[in-house]
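Peer 1: This structure is in structure tokens; I'll ask about it shortly.
The values are calculated or read from the model by the stated rules, or taken from the named source; none is laboratory data. As the structure is a computational prediction, the values presented were derived from the model and not from experiment. Here the Cβ positions follow ideal geometry from the backbone for every residue, glycine too, while neighbour counts run over all protein chains shown.
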Amino acid sequence: MTADRDVTAAVPEREGTRQHFDETLEQIKQDLVTMGSLVLENVRRAGDAMVESRLDLVEVVREVDDQVDQLYLEAEKLTFETLARQQPVAGDLRFLVAATRILYELERSGDLAYNCVKMLARVDGFPQHPLITPLLEASVTASCKVFAQGIDALADLVPDAGAKLDAADDEVDHMVSELFTVVGRHSFEVGLEVAIALSRVGRFLERIADHAVNIGEHVTYTVTAALPGEGHNATADEDGG
Amino acid sequence: MNDTTETLSVDTADMPPDPTLTAAPTAMKNARETPEEAGPGVIETKNMDVFYGDFKAVADVSMNFAFNEISALIGPSGCGKSTVLRSLNRMNDLIPTARTDGEVLYHGANIYAPGVDPVEIRRRIGMVFQKPNPFPKSIFDNIAWGAKINGFKGSKADMKDLVEGALRQAALWDEVKDKLNESGLSLSGGQQQRLCIARAVATQPDVILMDEPCSALDPIATLRIEELMLELKENYSIIIVTHNMQQAARVSDRTAFFNVELDTKGQRTGYLVEFSPTDQLFTSPKEKATEDYITGRFG
Ligand SMILES: Nc1ncnc2c1ncn2[C@@H]1O[C@H](COP(=O)(O)OP(=O)(O)OP(=O)(O)O)[C@@H](O)[C@H]1O
Ligand SMILES: [Mg+2]
């Protein structure tokens with residue numbers, strides 16, 4: 001192809017040839033973003049519950065996660081139907097395949113938010129601790145920040161989302177490893193059971209951010225066709241529960 | 001180049017030798033390399049233009065068709081797919097206004113060079129058309145007749161072997177072995193198309209060109225032809241024109257996308273946009289024009 005060729009001149013105006021299909025793809029993307037926003041909100045809510053030891057929020061987190069699961073089923077159905085009926089190729093195919101994976105990452109993240117408050121409920125609330133509580137809050141904030149970035153990358157289809165999210169995730173890993181250290185050091189003050197619960201919560205927050213990194217990789221794949229590299233992480237087995 | 005057709009027993013010894021075509025290299029079987037890496041393919045076009053009178057139908061087509069692969073040509077109506085296909089075996093010679101410039105190399109030799117016999121070219125590069133077109137003759141004669149006009153001089157028994165071999169290769173033998181004397185026209189559309197493939201195979205080509213071979217067939221007959229193509233590529237190189245992108249995606253190893261553009265004189269001239277491995281073309285095409293076409297979005 002040379003630059004002086006005017007391809008569009010020869011091709012009849014056919015904009016809107018696949019308007020219905022385009023609307024469906026947009027719908028699926030909207031569903032993903034909506035679901036992602038709900039999950040993000042719920043991770044924040046779970047964070048508040050843990051930091052302020054508000055057991056009344058446990059039930060709310062559970063209810064919102066049920067909504068997330070409902071959205072998951074609907075979006076998954078629409079995605080599979082579209083794959084079957086439209087026989088998508090190229091960018092459309094990549095988006096729909098990525099959508100099935102992003103759905104999975106979001107659903108797992110939602111479960112992890114609920115797992116956090118389950119830990120909280122199991123030990124009847126976390127005691128306030130001058131060193132642990134601020135670190136827990138910082139870990140929640142860091143994890144939410146990465147997750148929010150993942151949802152934004154999805155909404156805007158950011159080409160290098162995978163690399164960006166991967167870099168942002170380091171902050172979460174750092175915070176959570178601090179949390180582990182401090183919880184270990186002060187476990188005798190909060191009690192062993194609470195210390196174990198806090199460690200698990202730290203792990204969950206780390207996994208939530210990992211899922212966000214994976215979302216970034218799926219977005220990169222959608223836009224650029226580059227497959228996720230080595231850094232691909234957060235599998236179901238490791239999520240725990 | 002006859003290593004491919006053991007089931008046939010045609011004596012080619014008394015075929016007129018073609019000095020420009022005798023230096024045929026043996027087929028390279030590594031189908032996964034790109035044509036560039038694999039060296040010269042079975043057919044190569046170099047800067048090929050095809051005209052009908054003054055009208056340039058396709059411009060500057062340079063392609064390398066690999067051995068033992070299925071190559072698919074796709075693109076909007078009028079972009080010149082059939083024109084390109086017919087130029088590959090000099091079928092365009094039959095259209096008085098048609099002219100091909102540039103080179104078409106078959107086993108490295110230019111088929112448009114002076115002294116090359118187009119009939120011999122068409123024997124080696126067979127063609128199957130859109131509408132099944134058996135002769136109004138018996139199933140047996142449909143194959144025997146083509147072989148005879150292409151110089152077959154074997155015994156009656158040899159001819160029976162040839163017919164059976166060709167029908168087996170076209171996956172039709174079991175369905176017709178008890179009615180070889182019935183008319184070819186008595187067969188279903190899908191069977192007729194396989195009969196035409198058997199007829200093409202019987203002249204011992206090593207390339208088979210197919211121009212929308214399934215567009216007149218129902219989905220099941222279509223899938224049978226596609227299965228057959230996948231079997232045939234063991235022994236032949238296949239180039240298929242299809243409007244069915246799923247078909248190109250299902251059967252081909254490499255896909256060429258042609259588009260059409262207006263030139264300065266207002267003529268609509270076809271050109272090659274992209275010739276890529278099929279898996280790549282349908283998951284991440286190189287050119288935006290390809291993406292727009294295969295995803296059904298223009299403009
Ligand atoms: N015999 C002919 N004489 C003059 N012009 C021709 C002839 N055959 C084809 N053309 C023209 O050449 C151009 C390419 O035609 P061709 O049939 O190769 O396109 P195609 O891609 O096979 O289209 P389709 O998908 O409709 O079969 C068209 O503009 C067509 O009108
Ligand atoms: Mg055609």
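Peer 1: Search the stretch B:219-255 for residues being of a type in the set (A, V, I, L, M) and in contact with an Asp or Glu (Cβ under 7 Å, 6 or more places away or on another chain), and hand back the single one that is farthest from ligand 1 (Cβ to nearest atom).
Peer 2: The extreme case among them is B:V251.
Peer 1: Next question. Identify, from the list A:G191, A:G202, A:G162, A:G184, the residue that is of a type outside the set (D, E, K, R) and within 20 Å of A:G91 (Cα to Cα).
Peer 2: So the residue among A:G191, A:G202, A:G162, A:G184 that is of a type outside the set (D, E, K, R) and within 20 Å of A:G91 (Cα to Cα) is A:G162.
Peer 1: I would also like to ask the following. Quick one: which of B:R122, B:R86 is under 30 Å from B:P277 (Cβ atoms), modelled with pLDDT under 95 and not in a loop (DSSP other than H, G, I, E, B)? If you could, list the steps in order and put the result at the bottom.
Peer 2: Values: B:R86 fails: modelled with pLDDT under 95.
After applying the criteria, what remains is B:R122.
Peer 1: Find all pairs meeting these conditions: Cβ atoms under 9 angstrom apart; at least six residues apart or on different chains; first residue within the stretch B:131-151 and of a type in the set (S, T, N, Q); second residue part of a helix (DSSP H, G or I) and surrounded by fewer than 18 Cβ atoms within 10 Å (Cβ to Cβ).
Peer 2: Note: pairs meeting the criteria are B:N150/B:V119.
Peer 1: Would you point out the residue of the stretch B:55-80, among those that are within 15 Å of ligand 2 (Cβ to nearest atom) and under 12 Å from the mean Cα position of the chain (by Cα), that is farthest from the other protein chains (Cβ to nearest Cβ)?
Peer 2: B:L73
Peer 1: Only one of B:F298, B:F275, B:F258 is at pLDDT below 95, within 16 Å of ligand 1 (Cβ to nearest atom) and among the hydrophobic types (A, V, I, L, M, F, W, C). Can you tell me which?
Peer 2: After applying the criteria, what remains is B:F298.
Peer 1: If you don't mind, there's one more thing I want to ask. In the stretch A:199-236, which residue that is charged (D, E, K, R) and modelled with pLDDT of 95 or more is farthest from A:D169 (Cα to Cα)? So that I can check it myself, show each step before the final result.
Peer 2: Within the stretch A:199-236, the subset charged (D, E, K, R) is A:200, A:203, A:206-207, A:210, A:217, A:230.
Narrowing the set further to residues that are modelled with pLDDT of 95 or more leaves A:200, A:203, A:206-207, A:210, A:217.
Details: A:R200: 18, A:R203: 13, A:E206: 8, A:R207: 10, A:D210: 7, A:E217: 13 Å.
Looking at residues that are charged (D, E, K, R) and modelled with pLDDT of 95 or more, I get A:R200.
Peer 1: Moving to a separate point now. How many residues, within the stretch B:125-146, are assigned to a helix (DSSP H, G or I) and either more than 25 Å from B:S82 (Cα to Cα) or among the aromatic types (F, W, Y) (or both)?
Peer 2: Restricting attention to the stretch B:125-146, the residues satisfying the condition of being assigned to a helix (DSSP H, G or I) are B:139-146.
Narrowing further to those that are either more than 25 Å from B:S82 (Cα to Cα) or among the aromatic types (F, W, Y) (or both): B:139-141, B:144-145.
So the count comes out to 5.
Peer 1: Same structure again: Within the set of pairs 6+ apart or on separate chains, which have a first residue in the stretch B:240-255 that is without any contact (Cβ under 8 Å) to a residue 40 or more places away in the chain, a second that is assigned to a helix (DSSP H, G or I) and among the charged types (D, E, K, R), and C-beta atoms under 8 Å apart?
Peer 2: B:R250/B:E226
Peer 1: Could you grab me the full set of residues in the stretch A:61-100 that are surrounded by fewer than 16 Cβ atoms within 10 Å (Cβ to Cβ) and among the β-branched types (V, I, T)?
Peer 2: A:T100
Peer 1: Could you tell me how many of the residues in the stretch B:164-208 are of a type in the set (S, T, N, Q), in a helix (DSSP H, G or I) and without any contact (Cβ under 8 Å) to a residue 40 or more places away in the chain?
Peer 2: Within the stretch B:164-208, residues that are of a type in the set (S, T, N, Q), in a helix (DSSP H, G or I) and without any contact (Cβ under 8 Å) to a residue 40 or more places away in the chain number 2.
Peer 1: Hey, another quick one. Check B:I197 against each of (1) more than 16 Å from ligand 2 (Cβ to nearest atom); (2) more than 21 Å from B:P136 (Cα to Cα) and name the one condition it does not meet.
Peer 2: (2)
Peer 1: Sticking with this one: From the residues in the stretch B:137-154 that are farther than 30 Å from B:G41 by Cα and at pLDDT 90 or above, which one is surrounded by the fewest Cβ atoms within 10 Å (Cβ to Cβ)?
Peer 2: My answer is B:K137.
Peer 1: Name the pairs: first residue in the stretch A:69-82 and more than 11 Å from A:Y104 (Cα to Cα), second residue outside any helix (DSSP H, G or I), Cβ to Cβ under 9 Å, at least 6 apart or on different chains?
Peer 2: A:T82/A:P88
Peer 1: Might you let me know whether the stretch B:121-136 holds any residue that is away from ligand 2 (no atom under 15 Å from the Cβ), within 14 Å of chain A (Cβ to nearest Cβ) and surrounded by fewer than 18 Cβ atoms within 10 Å (Cβ to Cβ)?
Peer 2: Looking for residues that are away from ligand 2 (no atom under 15 Å from the Cβ), within 14 Å of chain A (Cβ to nearest Cβ) and surrounded by fewer than 18 Cβ atoms within 10 Å (Cβ to Cβ), one finds none in the stretch B:121-136, hence no.
Peer 1: Right, next: Mind checking whether some residue in the stretch B:234-247 is of a type in the set (A, V, I, L, M, F, W, C), more than 16 Å from ligand 2 (Cβ to nearest atom) and within 30 Å of B:Y52 (Cα to Cα)? Lay out the reasoning, then the answer.
Peer 2: To start, the set of residues in the stretch B:234-247 that are of a type in the set (A, V, I, L, M, F, W, C) comprises B:238-241, B:245.
Keeping just the survivors that are more than 16 Å from ligand 2 (Cβ to nearest atom) gives B:238.
After this cut, where a residue has to be within 30 Å of B:Y52 (Cα to Cα) as well, the list is B:238.
The answer is yes; a qualifying residue exists.
Peer 1: Considering only the stretch B:63-80, I want to know if a residue exists there that is more than 9 Å from ligand 1 (Cβ to nearest atom) and assigned to a helix (DSSP H, G or I).
Peer 2: The answer is no; no qualifying residue exists.
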